[in-house]
Amino acid sequence: MALVDQTPVMDVSPWPNGHGFSGANSWWEYMISKEERQRLDNLMGLALLDEDVRERLVNKRDDSLLAAFGLSEATRGWLRAIRANSLDELAQAIVSGQ
């Protein structure tokens, strides 16, 4: 008997043109329940996996992306003010609290 992988696949994209999977509502309900640091960690993880998210986070400092993760206005302003040219530099600045 063949084993079937039943791991759920979700579309975690917060904008209208997601990747075509279902489960976005479950993901965002989960995100809303998390503390801000955990939501920021999840955003950084998604940026590692998705080039478009990385571009919007690192280069465009897209406030709608930050808002979609439920980050406070203060945290969003802090992130937009960080001078970083790569996701690695941004992560280092976040960890160091710059």
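Read-outs: derived from the displayed coordinates by stated rules, not from any lab. None of these values were measured; they are calculated from a predicted model. Here the Cβ positions follow ideal geometry from the backbone for every residue, glycine too, while neighbour counts run over all protein chains shown.
Run the numbers for Glu36 and Trp78: contour at 0.36 nm per residue of separation, minus the present Cα-Cα distance, in nm.
Working: separation 42, 0.36 × 42 = 15.12 nm, distance 1.31 nm.
Net length gain for the segment: 13.8 nm.
In the neighborhood of Asp63, defined by Cβ-to-Cβ distances under 12 Å, what is the net charge if each Lys or Arg adds +1 and each Asp or Glu adds -1? Could you put the intermediate results ahead of the total?
Values: positive: Arg56, Lys60, Arg61, Arg76, Arg80; negative: Asp62, Glu73.
Result for the neighbourhood of Asp63: +3.
Ranked highest first by average number of other Cβ atoms within 10 Å, how do 51-62, 70-81 line up?
Answer by packing, highest mean first, reads 51-62, 70-81.
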